[in-house]
Amino acid sequence: MGPLTGPPADGTPTRGGSAGVFEDAGWFRVEEVTSAGSARRAAAEAGRRLGFSETRLGELSIAATELATNLARHAVDGRLLVRYLRRDGAGGVLLVAVDSGPGMVDLDASGRDGHSTSGTLGIGLGAVRRLATRSDGYSLPGRGTVIAAEFWPAAPPAKAPGGADVDGVIRPITGEKVAGDALAVRHTAAGALLLVSDGLGHGPLAATASAAAVEAFHGAPDGSPAAVVEHLHRRMSHTRGAAVAVAAVDRAAGTVRYAGLGNIAGVVVRPGERRPMVSLPGIAGHQRRTVREFEYPLPPGAAVVMHTDGLADRWRVEDYPGLLGHRAVVVAATLLRDAGVRRDDAGILVAAPS
């Protein structure tokens, strides 16, 4: 499994969806301290556009600087994602720092002021934790670290119905400025409805196909995953088409219903158990057989993971002790880092255990 590859170093926006729609300001490669400024400026601009106060803008800038500087000084292949968050009419900013090593034995201890493993003051991660509205992280020695920090101008909006934690990450193939993959989520009283789309090919035309899938997904009448996939198929005929999959996650009922066309991987996973979900051959918008829906048990503590073929499917949750106890965006970024391939767009969506 290779490291996370492909996010543009210049912060080119990518498309996707969490809590409805993903809106990434961009991925920033951070290989030296001087390159941390681009990530800091992007974070500050996001907060400014969302109406953050000068005080909150300063705190967001400090956190972005600390994360980027930490990547430059101590990490391998460090990247920082800056994302807009929109929920219940409010706007926030998400920062996700990802690296491929060296990792930390005790990330919690590393976030306490005064703790250092490299002769520094060790205040960076502690400052991020204090300033963020919410934060989470996962680290594994020899594999690397992922840290996610949310910043809201005031109290954060209420969580999704049922407390569902669904999130994901996307990055384009190396050399492209836009990704042909897209993710989207609709929250209902029964749970979460998830979409993963992989537009055929790469670049703007693939991105257009996936954007059409997301638009059709949000406009689809409430119904089963199979009915939603049929709706997408009808609405995407003007595009080059895409592989798509839709899942309905119902934690109360302990089930996930799934329908897909094309090469989207879907699994229900927990330590010691991995249940693949079936997508049928086809291209939404162009070629399909009868769309079929399958139902799978969703045991307590299990996650639903869906991803495009830009991620190898050889990852095992057993290789990441305790990972499923973390936020969905941390799970997604960790798996993308290690399972992402250089030769394709990559998108992954995770419904974490409640």
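The values are calculated or read from the model by the stated rules, or taken from the named source; none is laboratory data. Everything numeric here is computed off the predicted structure, so don't read it as measured data. So basically every Cβ, Gly included, is an ideal-geometry build from the backbone, and we count neighbours across all protein chains shown.
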(request) Search segment 205-239 for residues being part of a loop (DSSP other than H, G, I, E, B) and touching a helix residue (DSSP H, G or I) at 6+ places or on another chain (Cβ under 7 Å), and hand back the single one that is farthest from GLY347 (Cα to Cα). (result) ALA220
(request) Would you mind stating whether HIS286 is surrounded by fewer than 18 Cβ atoms within 10 Å (Cβ to Cβ) and either out of contact with any Lys or Arg (no Cβ under 6 Å at 6 or more places or on another chain) or charged (D, E, K, R) (or both)? (result) yes
(message) Quick check on my filter: what residues within segment 218-244 are more than 15 Å from LEU193 (Cα to Cα), of a type in the set (Gly, Ala, Ser) and crowded, with 19+ Cβ neighbours inside 10 Å?
(response) GLY241, ALA242, ALA243
(message) I'd like the residue in segment 189-204 that is in contact with a helix residue (DSSP H, G or I) (Cβ under 8 Å, 6 or more places away or on another chain), of a type outside the set (Gly, Ala, Ser) and closer than 14 Å to VAL246 by Cβ and, out of all such residues, is surrounded by the fewest Cβ atoms within 10 Å (Cβ to Cβ).
(response) LEU193
(message) Going by what's in this entry, would THR145 be described as surrounded by fewer than 19 Cβ atoms within 10 Å (Cβ to Cβ) and in contact with a Phe, Trp or Tyr (Cβ under 8 Å, 6 or more places away or on another chain)?
(response) no
(message) Being buried (at least 22 other Cβ atoms within 10 Å of the Cβ), closer than 23 Å to ALA154 by Cα, at pLDDT 90 or above and in contact with a helix residue (DSSP H, G or I) (Cβ under 9 Å, 6 or more places away or on another chain) is the requirement here; does VAL98 meet it?
(response) no
(request) For segment 148-173, name all the residues that are more than 26 Å from ALA248 (Cβ to Cβ) and surrounded by 24 or more Cβ atoms within 10 Å (Cβ to Cβ). (result) ALA149, PHE151, ARG171, PRO172
(message) Of everything in segment 243-263, what is within 16 Å of GLY201 (Cβ to Cβ) and out of contact with any Asp or Glu (no Cβ under 6 Å at 6 or more places or on another chain)? Give them in sequence order.
(response) VAL244, GLY262
(request) Output the number of residues of segment 193-214 satisfying the condition of being under 12 Å from ALA164 (Cα atoms) and touching a Gly at 6+ places or on another chain (Cβ under 8 Å). (result) 0
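Condition check ((1) at pLDDT 95 or above; (2) outside the structural domain of ARG186 (by TED's automatic domain parsing); (3) part of a helix (DSSP H, G or I); (4) of a type in the set (Val, Ile, Thr)) across all residues:
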position: ALA252; (1), (2), (3), (4): no, no, no, no
position: TYR258; (1), (2), (3), (4): yes, no, no, no
position: ARG275; (1), (2), (3), (4): yes, no, no, no
position: PRO299; (1), (2), (3), (4): yes, no, no, no
position: ARG314; (1), (2), (3), (4): no, no, no, no
position: LEU324; (1), (2), (3), (4): yes, no, yes, no
position: LEU336; (1), (2), (3), (4): yes, no, yes, no
(message) For segment 192-226, give me the residue count where each residue is at pLDDT 95 or above and of a type in the set (Asp, Glu).
(response) 2
(message) Going through GLY124, GLY103 one at a time, which residue ends up being assigned by TED's automatic domain parsing to the domain that holds GLY58, closer than 15 Å to THR65 by Cβ, at pLDDT below 95 and crowded, with 16+ Cβ neighbours inside 10 Å?
(response) GLY124
(request) Please verify whether segment 174-188 includes one or more residues that are crowded, with 20+ Cβ neighbours inside 10 Å, touching a strand residue (DSSP E or B) at 6+ places or on another chain (Cβ under 7 Å) and in a helix (DSSP H, G or I). (result) no
(request) Tell me which of these GLY266 doesn't satisfy, since it passes every other one: (1) modelled with pLDDT of 95 or more; (2) out of contact with any strand residue (DSSP E or B) (no Cβ under 9 Å at 6 or more places or on another chain). (result) (2)
(request) Could you please find all residues in segment 208-266 being hydroxyl-bearing (Ser, Thr, Tyr) and more than 20 Å from the chain's Cα centre (by Cα)? (result) SER224, SER237, THR239, THR255
(message) Can you go through ALA68, ALA63, ALA44 and tell me which one is farther than 16 Å from SER135 by Cβ and assigned to a helix (DSSP H, G or I)?
(response) ALA44
(message) Checking the condition modelled with pLDDT of 95 or more, within 26 Å of THR334 (Cβ to Cβ), assigned by TED's automatic domain parsing to the domain that holds THR145 and buried (at least 19 other Cβ atoms within 10 Å of the Cβ), which residue from ARG79, ARG83, ARG56 passes?
(response) ARG83
(message) Anything in segment 248-262 that is under 19 Å from ALA312 (Cβ atoms) and either hydroxyl-bearing (Ser, Thr, Tyr) or loosely packed, with under 15 Cβ neighbours inside 10 Å (or both)? List them, or say none.
(response) none
(request) Go over the candidates ARG292, ARG251 one by one and state the one that is of a type in the set (D, E, K, R), closer than 30 Å to TYR320 by Cβ and in contact with a Leu (Cβ under 7 Å, 6 or more places away or on another chain). (result) ARG251
